[in-house]
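None of the figures in this text is laboratory data; all of them are computed from the coordinates on show. Please read these numbers as outputs of a predicted model, since none were measured by experiment. Using ideal geometry, Cβ is built from the backbone for each residue, glycine included, and neighbour counts are taken over all protein chains shown.
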Amino acid sequence: MIDKDSRDAITEMINIGVGRAAGILNEITGSNIKLRVPHLHIIRFGDLSDAHINLMGKERLSTIMQEFHGNFSGTTSLAFSEESAASLVKLLSGESGPTPDMDTVQVETLKEVGNIIINAVMGSISNVLAENLVFTLPEYCEGNITEIASGRHAIKPDDWIILAQTQFLIESMSIEGMILLVLEVGSLDRLVQSIHQQQS
């Protein structure tokens, strides 16, 4: 079980990251975008309850995934329900309705947003802990959480998941997303060790 100080440190690093991401998105779009993480859960994938799965949504998700490797390794994802993904893309792209290339616009917009948020969050973690992490290019996939978990970036029952509910507050709208940080076996221990070293 992760200790309270480490949980608080992880929460703070993720909040710093989403704060930086919001600033970047504001500059790019000219919109007043606020991001916040009201709730964070840390649990083994094999111990996910129905309540946790409901947080992620049982329906089809639009997900941007990026692997990272270093002292601790895993995959960071940004996931939206199809409805939230469509709303976010319309706001950010300025597209008001369906167009022949809307699928392409949606994928590219979500990849750009995912890349910004994931890099800001993981950059915050690596900077605070003085860890050098190497990232792959972001990938886009669709499916429910079970399909995503069994895909190319398969999640094992013993992998730890840091589940951060994320709210996008844009032009009086609230769009829900989820930052999902999957840590390979042993990586959470190394992450906590890095936190303790920085705190000592």
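Can you give the charge dipole size of segment 7-46 about its Cα centre, rounded to the nearest 20 debye, using +1 on the beta carbon of Lys and Arg and -1 on the beta carbon of Asp and Glu?
Dipole size: approximately 140 debye.
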Derived scalar couplings ³J(HN,Hα) [segment 132-139; Karplus, 6.51 cos²θ - 1.76 cosθ + 1.60; whole Hz; x for Gly, Pro] = 9, 10, 10, 10, 8, 6, x, 10
query = Can you pull out the GluC sites (Glu not before Pro) in segment 169-200 that DSSP calls coil and that have at most 10 other Cβ atoms within 10 Å?
reply = 171
key: Helical contribution to [θ] at 222 nm, DSSP H n ≥ 4, -39,500 (n - 2.57), averaged over the chain, rounded to 500   = -15000 deg cm²/dmol
query = Given the Cα-Cα distance of residue 24 and residue 43 and 0.36 nm per residue of separation, how much length would full extension add, in nm?
reply = 3.8 nm
task = Express the relative contact order of segment 4-199 as a whole percentage, based on alpha carbon pairs under 8 Å and six or more residues apart in sequence.
result = 35 percent
request  = Assuming R0 = 41 Å, can you tell me the calculated FRET efficiency for the pair residue 144 and residue 196, based on Cβ-Cβ distance, to the nearest 0.05?
outcome  = 0.65
request  = Quick one: how many lysine pairs does the chain have with C-alpha atoms less than 20 Å apart and a gap of 8 or more or different chains? Give me the count, please.
outcome  = 4
key: Amide hydrogen neighbours beyond the local backbone of residue 144, cut-off 5 Å, H modeled   = 61
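Are there trypsin sites (Lys or Arg not before Pro) in segment 105-200 that DSSP marks as loop and that have at most 13 other Cβ atoms within 10 Å, and which are they? Write down the numbers at each step before the final one.
On the way: sites: 111, 152, 190; in loops: 152.
Here the trypsin sites (Lys or Arg not before Pro) that fit, given the DSSP loop and packing criteria, are 152.
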Label-point separation, residue 12 to residue 104 (7 Å along Cα→Cβ), nm = 4.6 nm
ask   = What does the convex hull of the Cα atoms of the chain come to per residue, in Å³, rounded to a whole number?
value = 115 Å³
remark   = Expressed in nanometres to one decimal, the distance between label points 7 Å along Cα→Cβ at residue 34 and residue 59 is 2.6 nm
